[in-house]
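My questions all concern the structure below.
Since every read-out is calculated from the coordinates, none of them should be taken as a lab result. Here the structure is a predicted model, which is why all the values come from computation and not from measurement. Counting neighbours? That spans all protein chains shown, and the Cβs are built from the backbone with ideal geometry, glycine included.
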Amino acid sequence: MRNNAMILGIIGGILGMIISALVIIAGVAMRFASTMVPSKANIPLDLQGLLPVFGNMAAGRGIGALIFSIIGLIAAIVVKKKGQMGGILMLISGIVGFVFLLVGFIVPGILFILGGILALVNKDTVAK
């Protein structure tokens, strides 16, 4: 069971890092897109003022999700030797990743949560 948990965690960690990197790039692009808009352009709702705010927010959420993707990947690697700790860390990474990226972290989050559950379930408890 721990081999399956490790494989799910590694796939979830890699996907989570890729998605987080894309969100960080999008946030930085939004931050710098506001500098390209002329200051005297007729833009409704002050888009020039909102782009840096949303860009910073997206980049911050992406960095948070990247950190927990790395933690989940490390937990997936460690799960063979320390199953309890690896499983708990993968569960935490999946849940906190949802908090940071919501819809963008669905696939990595589900993989982390499934891997964490598999790591926490022992063959002895299933046999009883």
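Using a Gaussian network model of the chain whose springs link C-alpha atoms within less than 10 Å, name the residue from 49, 13, 60 with the highest mean-square fluctuation.
49
Could you give each residue of the stretch 11-17 its phi-based ³J(HN,Hα) in whole Hz, using Karplus coefficients 6.51, -1.76, 1.60 with θ = phi - 60°, and x for Gly or Pro?
Those phi angles translate into 4, x, x, 5, 4, x, 5 Hz.
Can you give the relative contact order of the chain as a percent, counting alpha carbon pairs under 8 Å and 6+ residues apart?
37 percent
Mind putting a number on the dipole of the stretch 2-127 about its Cα centre? Charges go on the C-beta only, +1 for Lys and Arg and -1 for Asp and Glu, and I need it in Debye to the nearest 20.
300 debye
With the convex hull built on the Cα atoms of the stretch 2-127, state its orientation-averaged projected area in nm².
For the stretch 2-127, averaging the hull's shadow over all directions gives 7.9 nm².
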